[in-house]
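Q: Mind having a look at this structure? Questions to follow.
The values are calculated or read from the model by the stated rules, or taken from the named source; none is laboratory data. Quick caveat, the model's predicted, so the values are computed rather than measured. Cβ: placed from backbone, ideal geometry, glycine included. Neighbour counts: every protein chain shown. When the accessible area is computed, the model is the full protein with side chains, heavy atoms only, and any ligands, DNA or RNA have been set aside. Shrake-Rupley method; radii C 1.70, N 1.55, O 1.52, S 1.80 Å.
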Amino acid sequence: MFQSKIAGIGYYVPKNVYSNNDLKRFMDTSDEWIQERTGIKERRYADRLEETTTTMGIEAAKVAIERAGTTAEEIDFIIFATLSPDYYFPGCGVLLQREMGMKEVGALDIRNQCSGFVYALSVADQFIKTGMYKNILVVGSEKHSFALDYSTRGRAVSVIFGDGAGAVVLQSTTEAGKGILSTHLHADGADAEKLAMYYPGASGGKWLDNKPQWPEQELGGMLMTAEMLEDGTAFPYMDGQTVFKKAVVKFPEVIQEALLKNDLRTTDIDMLVPHQANLRISQFVQKTLGLPDEKVFNNIQRYGNTTAASVPIALCEAWEEGKIKAGDLVCLAAFGAGFTWGSALIRW
Ligand code: UT7
């Protein structure tokens with residue numbers, strides 16, 4: 001039986017730093033409000049034209065591949081998680097494959113938003129455990145800045161999100177008890193519309209109360225209307241309080257599920273790396289689990305919420321800072337749109 005281990009990890013964040021005060025140029029907001037509600041001080045934004053979700057993913061992937069002591073040619077499968085792809089289709093996986101000059105290996109795109117990286121890691125783990133692949137590149141990357149509403153109308157959403165990418169090379173190992181111990185995935189579509197970007201989409205607004213007026217024609221014409229850009233329905237929607245309330249229940253639940261599965265306790269965790277949704281959510285989870293400050297890693301203060309990229313960026317920083325060492329028990333956990341959530345327990 002094969003196990004999978006993280007053989008290399010890397011991250012990339014764009015150079016452009018936007019502080020809370022910088023955002024005041026675009027909307028009515030304040031550093032106090034943002035810090036008090038989310039813990040965020042600043043975030044990074046990609047270059048508007050030169051950087052894409054794929055290019056940032058590539059930068060993170062290069063570091064992960066080098067640290068794994070392997071090469072792009074040796075990668076035998078790609079999994080790319082994002083909610084902000086370069087194209088509506090095809091996904092970023094094939095773009096990364098092309099730009100990195102990789103072989104004709106499979107490329108899978110994951111659309112699970114904030115839990116996208118944990119889902120991607122879980123899928124990769126299954127492929128390795130069955131012996132199908134040996135070196136899987138798992139990437140989480142987001143360029144949120146291209147499509148948020150940076151006016152006062154959109155401030156409750158736009159101040160939270162930032163751009164960046166993280167990647168790991170998941171490698172096959174026969175070392176017993178090392179690497180990914182287990183992964184746990186969940187979803188509940190009951191609140192799918194509470195955190196979503198509805199358009200462009202084939203629903204035409206079917207699931208929504210405020211259905212748009214589509215042009216009267218027999219076929220087509222249901223992509224997006226000029227009114228949607230004007231009234232803001234073209235932008236992502238979030239019912240923040242519903243997300244918050246569900247997240248603080250599901251994070252601890254899925255962490256406990258992982259511990260139980262492995263006959264471990266919260267005191268066994270050396271480092272919890274939660275998805276960086278909101279510092280208040282992380283603090284709530286930390287308190288619920290009774291973990292000390294040094295066992296929970298947070299960097300949302302500097303990057304905001306980078307959705308599918310947040311877990312690998314945080315994991316990489318924690319490791320680079322020497323906060324994760326060989327033999328440590330590391331727990332990853334994420335919750336987000338869908339709602340979908342998940343966890344992974346790793347013996348580093
Ligand atoms: O990865 C999962 C992604 N999402 C999350 O994790 C989000 C979870 N939810 C949250 O973090 C919080 O719900 C938010 C931080 C998004 C919002 O905090 P809240 O306490 O739920 O605020 P609210 O949306 O109820 O808004 C409270 C007030 C409103 O003003 P009034 O109506 O009380 O006058 C908003 O208009 O704060 C106002 N507001 C702002 N003020 C300054 C909303 N956004 C801002 C802003 N700056 N950026």
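Q: Please list 3J(HN,Hα) in residue order for region 278-289, calculated via the Karplus relation 6.51 cos²θ - 1.76 cosθ + 1.60 where θ = phi - 60°; whole Hz, with x for glycine and proline.
A: Values, residue by residue: 6, 4, 5, 5, 4, 5, 5, 5, 4, 5, 4, 8 Hz.
Q: Can I ask one more? Nearest 500 deg cm²/dmol is fine: what mean residue ellipticity at 222 nm does the chain get from its DSSP H runs of n ≥ 4 alone, each adding -39,500 (n - 2.57), divided by its residue count?
A: Helix contribution divided over all residues of the chain: -9000 deg cm²/dmol.
Q: Can I ask one more? Relative to the first principal axis of the alpha-carbon coordinates of the chain, what is the inclination of helix 116-129, with its axis defined by its Cα atoms, in degrees from 0 to 90 and to the nearest 10?
A: For 116-129 against the chain, the angle is about 40 degrees.
Q: Still on this structure, please answer the following. With axes computed from alpha carbons, what is the tilt in degrees of helix 240-261 against the longest principal axis of the chain, rounded to the nearest 10 within 0 to 90?
A: Around 20 degrees separate the two axes.
Q: Now a separate question. For region 276-318, what Kirkwood radius comes out of the mean inverse Cα-Cα distance, in Å?
A: 10.6 Å
Q: In region 60-96, which chymotrypsin sites (Phe, Trp or Tyr not before Pro) are in a loop and have at most 16 other Cβ atoms within 10 Å, using DSSP for the loop call?
A: 87, 88
Q: Given R₀ = 35 Å, FRET efficiency for residue 88-residue 267 by Cβ-Cβ distance, to 0.05?
A: 0.15
Q: Also, quick follow-up: Based on Cα positions only, what radius of gyration and what Dmax would you give for region 308-348, in angstroms?
A: Just the Cα atoms of region 308-348 yield Rg and Dmax of 11.5, 34 Å.
Q: Skipping prolines and chain starts, which residues have an amide H placed within reach, meaning under 5 Å, of the one on residue 84, given they are 5 or more residues away or on another chain?
A: 143
Q: Place the peptides 104-114, 57-67, 283-293 in order of packing, highest mean first, counting for every residue the other Cβ atoms within 10 Å and averaging per peptide.
A: The peptides rank, most packed first, as 57-67, 104-114, 283-293.
Q: Report the trypsin sites (Lys or Arg not before Pro) located in region 172-216 that are in a DSSP loop and have at most 12 other Cβ atoms inside 10 Å of their Cβ, or state none.
A: 206
Q: Also, quick follow-up: Given a 1.4 angstrom probe, I'd like the percentage of the accessible area of the chain that is carbon and sulfur, rounded to a whole number.
A: 51 percent
Q: Could you let me know the centre-to-centre spacing of region 170-237 and region 81-118, using Cα atoms, in angstrom?
A: 16 Å
Q: Please list, in chain and number order, the residues 5+ apart from residue 182 or on another chain whose amide H is under 5 Å from its amide H, with Hs placed from the backbone.
A: 345
Q: Also: Radius of gyration and Dmax for region 149-198's Cα atoms, expressed in Å?
A: 18.7, 54
Q: What list of ³J(HN,Hα) values in whole Hz, one per residue of region 193-207 in order, does the Karplus curve 6.51 cos²θ - 1.76 cosθ + 1.60 (θ = phi - 60°) give from phi, with Gly and Pro shown as x?
A: For region 193-207, the Karplus-derived couplings read 7, 6, 8, 7, 10, 6, 10, x, x, 7, 5, x, x, 3, 8 Hz, x marking Gly and Pro.
Q: Turning to a different aspect of this structure: Mind putting together the pair-distance distribution for region 3-173? All Cα pairs, 5 Å bins, whole percent per bin, short to long.
A: Going from the shortest bin to the longest, the percentages are 1, 9, 17, 20, 17, 12, 9, 7, 4, 2, 0.
Q: So what are the ³J(HN,Hα) numbers for region 21-28, from phi and the Karplus equation (6.51, -1.76, 1.60; θ = phi - 60°), rounded to whole Hz, Gly and Pro as x?
A: 5, 4, 5, 5, 5, 10, 8, 7
Q: Next up: Return the distance in nm (one decimal) between the two label points of a simple spin-label model at residue 190 and residue 208, each offset 7 Å from Cα along Cα→Cβ.
A: Each label point lies 7 Å from its Cα, and together they span 2.3 nm.
Q: What's the tally of Lys pairs in region 3-173 whose alpha-carbon atoms lie under 17 angstrom apart, where the two lysines are 8 or more places apart or on different chains?
A: Eligible lysine pairs with Cα atoms under 17 Å apart amount to 7.
Q: Please give the per residue accessible area of the chain, computed with a probe of 1.4 Å over protein heavy atoms only, in Å².
A: 46 Å²
Q: Treat every Asp and Glu Cβ in the chain as -1 and every Lys and Arg Cβ as +1, leave all other atoms uncharged, and give the resulting dipole magnitude about the Cα centre to the nearest 20 debye.
A: Once rounded to the nearest 20, the dipole reads 700 debye.
Q: Per 0.36 nm of contour for each residue apart, how much would the distance between residue 1 and residue 175 grow if the chain were fully extended, relative to their Cα-Cα spacing?
A: Gain on stretching residue 1 to residue 175: 61.6 nm.
Q: Turning to a different aspect of this structure: Amide H of residue 296: which non-local residues (sequence gap of 5 or more, or other chain) have their own amide H closer than 5 Å, using H built in the peptide plane?
A: Those qualifying (amide H under 5 Å, at least 5 residues apart or on another chain) are 272.
Q: If you don't mind, there's one more thing I want to ask. Report the normalised scattering of the chain as log10 I(q)/I(0) at q = 0.08, 0.14 Å⁻¹, calculated by the Debye formula with identical scatterers on the alpha carbons.
A: Values returned for q = 0.08, 0.14 Å⁻¹ are -0.37, -1.13.
Q: State, to one decimal in nm, how far the label point of residue 241 lies from the label point of residue 27, with both points 7 Å from Cα in the Cβ direction.
A: 1.9 nm
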